[in-house]
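Participant: I'd like to ask some things about the structure below.
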Amino acid sequence: KLTVGIGDGGNEIGFGKIHDKVREIVLFGADCGCPCGGGTATTTATKHLFSAAVSNFGAYGVATALALGTNNRDLMVDGKTVKKLIKGVVALGCLDGGTVDPNFIGDDGIPIDAVMRVVDQLGSIYAQWNGSFDRHF
């Protein structure tokens, strides 16, 4: 079966594919120092693993590639929707992993306005790829 993992820190599903390397290079990969006795390195592998500076940004990039490959913009999300979703889960008690601040609206410590710009830029790439224009020559 096709399985895909997208992550940024070694703790996300898929990084089990390179578990030993994560334990070697990621801070707290081998031992997080907490009573759980484990580290942040997951053991769950996937067939395909995509590493990204911010896991959600990597997922938005994969969605953009799928949208481009299928000519289906509906596979992508826009910045306003991302903001609405993040605000919604924070209201339910979820915390941003970068700040662990119950009042922070963003992703991995990145403020929501910046997150929205990244997502909307991917939408611009899709529009540019699928648009046509007269180059006047």
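Participant: Name the residue from H136, A114, A52 whose Cα lies farthest towards the positive end of the charge dipole of region 36-137, charges +1 on Cβ of Lys and Arg and -1 on Cβ of Asp and Glu.
Facilitator: H136
Participant: A follow-up question, please. Dipole size in debye (nearest 20) for the chain around its Cα centre, Lys and Arg Cβ +1, Asp and Glu Cβ -1? List each step's numbers first, then the result.
Facilitator: Numbers: 12 positive and 14 negative charges, 84 e Å.
Value, rounded to 20: 400 debye.
Participant: Kindly state, as a whole number, the per residue volume in cubic angstrom of the convex hull around the alpha carbon atoms of the chain.
Facilitator: Working: hull volume 21.8 nm³, N = 137.
Taking the convex hull of the Cα positions in the chain, it is 159 Å³ per residue.
Participant: Related question: In the chain, what is the count of Lys pairs whose alpha carbons are under 21 Å apart, counting only pairs at least 8 residues apart or on separate chains?
Facilitator: Values: K1/K17; K1/K47; K17/K47; K21/K47.
Lysine pairs meeting both conditions in the chain amount to 4.
Participant: Given the options V62, F104, T40, identify the residue whose Cα lies farthest towards the positive end of the charge dipole of the chain (+1 on Cβ of Lys, Arg; -1 on Cβ of Asp, Glu).
Facilitator: Value: V62.
Participant: Also, I was wondering about something else. Rounded to the nearest 0.05, what FRET efficiency do D78 and D108 have when you use their Cβ-Cβ distance and R0 = 22 Å? Write down the numbers at each step before the final one.
Facilitator: Numbers: r = 19 Å, r/R0 = 0.88.
Between D78 and D108 the formula returns 0.70.
Quick note: the coordinates plus some simple rules give every number you see, no bench work behind them. A quick note: this is a predicted structure, and the numbers were derived from the prediction, not measured. Because the Cβ atoms are built from the backbone with ideal geometry, glycine has one as well, and the counts that use them run over all protein chains shown.
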